[in-house]
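Everything on this sheet refers to the single structure shown next.
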Amino acid sequence: MLSQADRRELDDILKKYPDKRSAVLSALYIAQREKNYLTDDDIRDVAQALDMTVTEVHAIVGFYTLLRKEPTGKYLIQVCTDLPCALRGADDFYRRLCRRQGLPPEGGTTEDGLFTVEEVVCVAACDKAPVAQINLEYHEHLTDEKIDAIIAELREKSTEGVTAG
Amino acid sequence: MSLLQEHVLLRHRDIPNIRDIHVYTAHGGYDALRKALNEMQPGEVTDVVKASGLRGRGGAGFPAGVKWSFIPKDVKPVYIVVNADESEPGTFKDRELIEGNPHQVLEGIALCAYAVGAEAAYIYGRGEFRGPFRGLQQAIDQAYEQGFLGENILGTDFSLDVYTHLGAGAYICGEETALLSSLEGKLGQPRNRPPFPAQVGLYGKPTVVNNVETLTNVPPIVRHGAEWYRQFGTEKSTGTKIFCLSGHVVRPGNYELPLGTPLRYLIEECGGGVPGGRKVKAILPAGASAPILPGDKLDLPLDYESVQAAGSMLGSASFIVMDETVDMVWAASKMVHFFKHESCGKCSPCREGTYWMEDVYHRLRDGHARPDDVDLLLSIADQMDGNCFCLLGEFSLSPVRSSIRHFREEYEMRVKRMGIGD
């Protein structure tokens, strides 16, 4: 669902374009960013806000890989295993990460629902492999130790949040 | 480590913090824009870019000034769309320009807009560039504050608004007409050409679509002149180019070199050679999209004409180096997977063909290859060739055909060793 604050943010974005529907990717990103995936309600809200049909917005969501309809962990870890990264060990790095997180080789979401790990194609960081994006932020020159430390920190942050809340 | 005394594009390597507008202006930044607005007619800006020989750096290599000259003078509004959808495997140069030297990108956009009479520009970045685009937006804000963007730039009647726009994960949006569709809020699928974007582009209006690196070349060209620019490079491939070097080299990274520099210099001097003293087995000069060059081509001059004469393409100059340990069937399968994943689904030769090719590669990988599978791959490629709606489908044939051409014995080994998987 788009909150009031989300709608105000969207209103600012709409000023950039002569046609509302140009803001569809931004609107979907806003709707998705808290939980990392889109519900039917989100898609309906975006369609209404931009004078599009729900079907049109569903088609957009299906087309772009960063828009997701499946429940996803709070932190989405996308490891590049495309050719340039794979030549620098990214395939093995990814498999080891999945194993340490108790996930199958094709990735998935950890039992606590905090982390979704998946492999992606080129993210324009080939000279800094192995590389991952965590909720679309770059983490480069990774090692097993570095990614484990990042995951541990995020896990601790999330647990604190739950306790405090 | 460079043949240049100083960088033309990667100036942040020479001048720390040039991403800040005050540092940029202290080093000649926005002087070209001032010169153009005060001393040059719009057509003269196009003329100097034409005379410089600058060619599009996104991959196609089309002369930039000629592209600008296709914009009609009597249709308004005109748009500039900057292609920062950098998604070709092995390509990471536009990101460095945006992060390191954003004002030179913006100044190039402003010069282009002045030349063609545009009042709005959109910078389309891939969705993964959310972080880099935060810094870019700061640079845009600074440029507005200092009067280099916005209303009545530098006290003239030239006005320009620059907006950022992020995609959401689709390689096809690097194709200029697909990018325009995506920016209009539609599926990012390619359109028929003609009409070309110069006539019917964004929102149906005349539009220049240029790559980030292309536009970053424009301020130094306008500031120093076409002759100055032509001192770099060759007669037909003028200027400097950012070469993205990745894979099996000691020092992967971006290297700005004059076009025509030998491949050996890029790999050995810039990249520090192959780790462990191993030999170069194969090179991809333009990411996944151009045919593989065998490792004996190290003396090849890196300009558009020479790389084409050697049977490949310079494209975006994304050099992926593979040493003698690389299994070429595996490497080709990685690229086929990429194209299958990124096929937009609009035309059946690409949508189905990339799917079939990946299916065959899975059989090769899993030890279930059939005796005629290598010929089957070539047959699929022949059926797709010339029949795909856009270049994505055509590009997907390059790794398949070129790896079979140069390394067929590795495929035959897989076929003979049926039943032996990885």
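The values are calculated or read from the model by the stated rules, or taken from the named source; none is laboratory data. This structure is a prediction, so every number in the text was calculated from the model and none was measured. In this analysis, Cβ positions are derived from the backbone assuming ideal geometry, glycine residues included, and neighbour counts consider all displayed protein chains.
Taking the options A:Y37, A:Y64, A:Y75, A:Y94, name whichever one is buried (at least 23 other Cβ atoms within 10 Å of the Cβ) and modelled with pLDDT of 95 or more. Before you say what the answer is, go through the steps one by one.
On the way: A:Y37 fails: buried (at least 23 other Cβ atoms within 10 Å of the Cβ); A:Y64 fails: buried (at least 23 other Cβ atoms within 10 Å of the Cβ); A:Y75 fails: buried (at least 23 other Cβ atoms within 10 Å of the Cβ).
Exactly one of A:Y37, A:Y64, A:Y75, A:Y94 is buried (at least 23 other Cβ atoms within 10 Å of the Cβ) and modelled with pLDDT of 95 or more, namely A:Y94.
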Margin query: If a residue must be among the basic types (K, R) and surrounded by fewer than 17 Cβ atoms within 10 Å (Cβ to Cβ), how many such residues does segment B:370-416 contain?
Written below: 4
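Give, as residue ranges, the helices (runs of 4 or more DSSP H) completely inside segment B:355-422 that count at least 3 residues that are in contact (Cβ under 8 Å) with a residue 40 or more places away in the chain. Before the answer, list the steps.
Working: elements: B:373-384, B:391-395, B:397-416.
Output list reads B:391-395, B:397-416.
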Next item on the list: Have a look at A:D45, A:D82 and point out the one that is in the same structural domain as A:D144 (by TED's automatic domain parsing), surrounded by 15 or more Cβ atoms within 10 Å (Cβ to Cβ) and at negative phi.
Entry: A:D82
Next item on the list: Please specify each residue of segment B:221-232 satisfying the condition of being surrounded by fewer than 24 Cβ atoms within 10 Å (Cβ to Cβ) and either on the phi > 0 side of the Ramachandran plot or not aromatic (F, W, Y) (or both).
Entry: B:R223, B:H224, B:G225, B:A226, B:E227, B:R230, B:Q231
Notebook entry, point to check: Across segment B:323-342, what is the total count of residues that are surrounded by fewer than 24 Cβ atoms within 10 Å (Cβ to Cβ), within 8 Å of chain A (Cβ to nearest Cβ) and of a type in the set (A, V, I, L, M)?
Noted result: 1
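Just to be sure before I move on: is B:G174 within 9 Å of chain A (Cβ to nearest Cβ), of a type outside the set (A, V, I, L, M) and within 30 Å of A:P130 (Cα to Cα) in the structure I sent?
Against the criterion (within 9 Å of chain A (Cβ to nearest Cβ), of a type outside the set (A, V, I, L, M) and within 30 Å of A:P130 (Cα to Cα)), B:G174 does not qualify.
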Notebook entry, point to check: So which residues in segment A:1-57 are in contact with a helix residue (DSSP H, G or I) (Cβ under 7 Å, 6 or more places away or on another chain), within 13 Å of another protein chain (Cβ to nearest Cβ) and not in a helix (DSSP H, G or I), if there are any at all?
Noted result: A:Y17, A:P18, A:D19, A:L38, A:L50, A:D51, A:M52, A:T53
Check: Quick check: anything in segment A:81-100 away from every other protein chain (no Cβ under 14 Å) and outside any helix (DSSP H, G or I)?
Finding: no
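Please enumerate the residues belonging to segment A:34-49 that are in contact (Cβ under 8 Å) with a residue 40 or more places away in the chain and of a type outside the set (A, V, I, L, M). Spell out how you get there, then give the answer.
Of segment A:34-49, the ones in contact (Cβ under 8 Å) with a residue 40 or more places away in the chain are A:36, A:41-42, A:45-46, A:49.
Listed by number, the residues that qualify are A:N36, A:D41, A:D42, A:D45.
If the requirement is being modelled with pLDDT under 95 and under 30 Å from B:G247 (Cα atoms), which of these qualifies: B:L4, B:L9?
Numbers: B:L9 fails: modelled with pLDDT under 95.
Unique residue meeting the criteria: B:L4.
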